[in-house]
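Undergrad: Mind having a look at this structure? Questions to follow.
The values are calculated or read from the model by the stated rules, or taken from the named source; none is laboratory data. Note that the coordinates shown come from a computational prediction; the quantities given were computed from them, not determined experimentally. So basically every Cβ, Gly included, is an ideal-geometry build from the backbone, and we count neighbours across all protein chains shown.
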Amino acid sequence: MFVSLYKKLRDLFFPRFCFNCETHIYDGLLCEDCLKRLKVLAPGKGRAGLCKKCRQKKPDYDSLISCFLYREPLKQLLFLYKYGHYDFFSSFFSSLIADHLKRIGFPHHDYDLIIPVPLYRTKRRQRQYNQTELLARGLSGILGIPCAADILYCRRPHRSQTAIDKTRRKDNVKDVFAVKRPLRRENIIILDDVVTTCATIAECSKVLKEDNCGKIAVITLARAQ
């Protein structure tokens, strides 16, 4: 009763609006119409979920699941989340990922840890948070898989992948990541917000495999075209 009254008073004095079209909403960040505009990506099976270059190079991760296409209205929300200090978006995004995994029947019980793609310390300080770590912690709470943000770290600064040509992104992240503590054949979910050329997730997977982890599933909220 008190919760219901609180929600009514909140909606009366602090109404919520869709972040894309400004339609009045009662929960979440997007209205029903804008949610329907999110382009859901069909899951691949094993390496069929990988891009052509990744399949040719046989990366160290075993599967790649991207939930949505990186386009509006998701694109603007992610920009605000990463660069506009809208860190409270994380619970909405984590729920989107969890719902997608449930929809496609992802066997999350087979995995032991969720590891977010790390930021270098100066970038994290500037941003005040690692957006991928917040996603990982939210997804951890929903799936019941521990978030291990203390295993993988970024050991030197590097340019943002979005700021350089796609052909140079692999070299940009080469030898950037390292493992802090040893793994014991745990099966890992690597979580990232957006994947484009697979360079970052391939480098993260490589160092984790070198450190004796089990199978690796990469999950991203979005995939760029």
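Undergrad: Only residues that are surrounded by fewer than 19 Cβ atoms within 10 Å (Cβ to Cβ) and touching a Lys or Arg at 6+ places or on another chain (Cβ under 8 Å): list them for region 198-217, please.
TA: N212, G214 - these are the residues of region 198-217 that are surrounded by fewer than 19 Cβ atoms within 10 Å (Cβ to Cβ) and touching a Lys or Arg at 6+ places or on another chain (Cβ under 8 Å).
Undergrad: Shifting gears a bit: Sort out which residues of region 37-60 are exposed (fewer than 10 other Cβ atoms within 10 Å of the Cβ) and modelled with pLDDT of 85 or more, and write them in order of number.
TA: Residue satisfying the conditions is A42 alone.
Undergrad: Next question. Determine whether region 171-182 contains at least one residue that is modelled with pLDDT of 95 or more and closer than 20 Å to S66 by Cβ.
TA: no
Conditions (1) assigned to a loop (DSSP other than H, G, I, E, B); (2) modelled with pLDDT of 95 or more; (3) among the hydrophobic types (A, V, I, L, M, F, W, C), marked per residue:
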{"residue": "I189", "(1), (2), (3)": "no, yes, yes"}
{"residue": "D192", "(1), (2), (3)": "no, yes, no"}
{"residue": "T197", "(1), (2), (3)": "yes, no, no"}
{"residue": "I201", "(1), (2), (3)": "no, no, yes"}
{"residue": "C204", "(1), (2), (3)": "no, no, yes"}
{"residue": "V207", "(1), (2), (3)": "no, no, yes"}
{"residue": "C213", "(1), (2), (3)": "yes, no, yes"}
{"residue": "I219", "(1), (2), (3)": "no, yes, yes"}
{"residue": "Q225", "(1), (2), (3)": "yes, no, no"}
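Undergrad: Which residue out of F92, F88 is more than 26 Å from G214 (Cα to Cα) and either at pLDDT 95 or above or surrounded by 12 or more Cβ atoms within 10 Å (Cβ to Cβ) (or both)?
TA: None of the others qualify; the one that does is F92.
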